[in-house]
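The values are calculated or read from the model by the stated rules, or taken from the named source; none is laboratory data. Please read these numbers as outputs of a predicted model, since none were measured by experiment. As a convention, Cβ positions derive from the backbone with ideal geometry for all residues, glycine included, and neighbour counts pool all protein chains shown.
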Amino acid sequence: MDTKAPTITKVQRIIERQQWHSNCPSAEAIMTKWVPPRKEEVESSATLMKLVRTQKWKYLAVVEPSPKAGVGKGRASGD
């Protein structure tokens, strides 16, 4: 588990990616309130453990992989 604080730039990118436009705190305001999670809180969370066990996360989308998945630049499709 990563307990380092995210950068203000990273928080701003997340806000932009989520398309939050109204009633949204600034990245700086979020960072002033950030604290790392305590290990015992994460490991003893029954709700979190259930999500891990069932893999039923909000917005989790299971899709078929693209036929082009794994084919990088410079590789022939027959290799």
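Overview of values
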{"read-out": "Matching residues in the range 41-57 - criterion: being more than 21 Å from Thr3 (Cα to Cα) and part of a helix (DSSP H, G or I)", "value": "Lys50, Arg53, Thr54"}
{"read-out": "For Pro65: the one exception among (1) surrounded by 10 or more Cβ atoms within 10 Å (Cβ to Cβ); (2) modelled with pLDDT under 80; (3) in a loop (DSSP other than H, G, I, E, B)", "value": "(1)"}
{"read-out": "Enumeration of residues in the range 34-46 that are at pLDDT 80 or above and under 19 Å from the mean Cα position of the chain (by Cα)", "value": "Trp34, Val35, Pro36, Ser45"}
{"read-out": "Residue, surrounded by the most Cβ atoms within 10 Å (Cβ to Cβ), within the range 14-40, restricted to residues that are assigned to a helix (DSSP H, G or I) and in contact with a helix residue (DSSP H, G or I) (Cβ under 9 Å, 6 or more places away or on another chain)", "value": "Ala27"}
